[in-house]
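The structure under discussion appears below in the form of structure tokens.
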Amino acid sequence: MKRLRFILILLAAMLCGVTARAAAPDTLISVLTCSPGPEIYELVGHTALRVRTADTDSVWNYGMFDFNAPGFVYRFVKGETDYMLGSYPFAWFLPEYAMRGSGVREQVLNLTPEETRRLYDMLQTEALPANRTYRYNYVLDNCATRVRDRIDDALGAPVEYTDTAIYHSFRDAMRAHHTNYPWYQAGIDLALGSGIDRPVTFREEMFAPTRLSAGLAGARRPDGTPLVREERMLLPANPDAVLPPTPWWRTPLTVALIILGLSIAVSVADTLRRRCSVWVYAVWFFLLGLAGCLIAFLVFVSVHEATSPNILIFWLNPLQWLFIPGLGWRKMRKISLAVALYDSVGLGILLLEWPTQSQTASPAIMVAIAATVILAGSYAINSLFDSYNREG
């Protein structure tokens, strides 16, 4: 059903985009801000432009994409996700958000006829088949930042925003919008490096549609007059539109603490028994190496500017797989011991110095690293002790 709706909207966008119309003196352009929904790509809401003329009422949407397009996930991870600008009847817009329970706020822009014509012309030009696709970036170039920038272009000078930044960084802003999605945020903390931890301005916070809407409410045109002439709620937000908070016992931190407890228990048992819990180590280091393949791809292959540098590559990398063969093959035990020594010492130092560097991460990640340090340290100590006894 969602794919069919996307195809219909895309067809409408193609038809509307190639039909140029001049902006009449009574044309109104407004910003539409949709509150968050339950899907991952709806967590920060959505922004679009509405254009009303004497005989048309259309929405101009920079957030169009086809999740089912071939290679979408791979290209998204690599940073080559292309979004599109399209236009379709406003009558198609509200029902979609009403169905999922998201609120829709409209802010009518206070533009002169010349500024209105300029903005409308830009939209029509960008919606042409040769121009409508752009390289999407979650925080630097998305549906909200495009609307922000096109308003500046229409005015011929930057809008003056009176608001100030309330978040310390892009990651901080993401966490505020991902409160109910701790696993999603943990994934972001793993995948994205220090590029999203730098201080941000209020203008940069506008990658989130709700922050753009808040800024527009008090914004001033270059001549000092209000940018928004009228504001109204077209749809009230349903509190049930977003998922409820994840129970504490299902959060990443709880799972990480359980893993930490198990790692301590395994380490103590192995030390007392003078044995190695082979399957525990094999499963854990296999998972570390598997996750490390993704992190290595993001750091060394992806064109996302926010994925590198990522200090977690010292923990999650494919070299962790080198630990596994030594669990069952004596000739490889020296390599396993080398990996264990690296993990116990190197990652221990990483944990100690983490507060001194710019990249931040959820507590669950720190706990998981601590579990790795304990397992690796236990293996290294027991292996060295056994080697000493054999030589003695």
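With respect to Tyr74, is the statement that it is modelled with pLDDT of 95 or more, assigned to a helix (DSSP H, G or I) and not assigned by TED's automatic domain parsing to the domain that holds Thr307 true? Answer is no for this residue.
For first residues located in segment 221-235 and closer than 7 Å to Asn110 by Cβ, partners that are among the charged types (D, E, K, R) and lie 6+ apart or on another chain with Cβ distances below 7 Å form the pairs Pro226/Arg220; Leu227/Arg220; Leu227/Arg221.
Among the residues of segment 123-147, the one identified as in a helix (DSSP H, G or I) and in contact with a helix residue (DSSP H, G or I) (Cβ under 6 Å, 6 or more places away or on another chain) is Ala144.
The residues listed here are Ser308, Ser267, Ser263; of these, the one that is hydroxyl-bearing (Ser, Thr, Tyr) and modelled with pLDDT under 95 is Ser308.
Every residue, every condition in (1) assigned by TED's automatic domain parsing to the domain that holds Tyr97; (2) in contact with a Lys or Arg (Cβ under 9 Å, 6 or more places away or on another chain); (3) modelled with pLDDT of 95 or more; (4) not in a loop (DSSP other than H, G, I, E, B), yes or no:
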| position | (1), (2), (3), (4) |
| --- | --- |
| Asp152 | yes, no, yes, yes |
| Asn180 | no, no, no, no |
| Ser213 | yes, yes, yes, yes |
| Pro222 | yes, no, no, no |
| Arg232 | yes, yes, yes, yes |
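Among the residues of segment 277-289, just one is within 11 Å of Asn317 (Cβ to Cβ) and of a type in the set (A, V, I, L, M, F, W, C), namely Leu288.
Among the residues that make up segment 154-163, is at least one of them in contact with a helix residue (DSSP H, G or I) (Cβ under 6 Å, 6 or more places away or on another chain) and of a type in the set (Ser, Thr, Tyr)? Checked segment 154-163: at least one residue is in contact with a helix residue (DSSP H, G or I) (Cβ under 6 Å, 6 or more places away or on another chain) and of a type in the set (Ser, Thr, Tyr). If only residues of segment 236-293 that are on the phi < 0 side of the Ramachandran plot and of a type in the set (D, E, K, R) are counted, the one that is farthest from the chain's Cα centre (by Cα) is Arg273. Only residues that are over 21 Å from Ala217 (Cα atoms) and either of a type in the set (S, T, N, Q) or outside any strand (DSSP E or B) (or both) were counted in segment 77-112, giving 18. Checking Thr145, Thr162, Thr116 one by one, the residue that is hydroxyl-bearing (Ser, Thr, Tyr) and under 17 Å from Thr27 (Cβ atoms) is Thr116 and no other.
The values are calculated or read from the model by the stated rules, or taken from the named source; none is laboratory data. No experiment lies behind these values; they were computed from the predicted model shown. With ideal geometry, Cβ positions are generated from the backbone for all residues, glycine too; neighbour counts draw on all protein chains shown.
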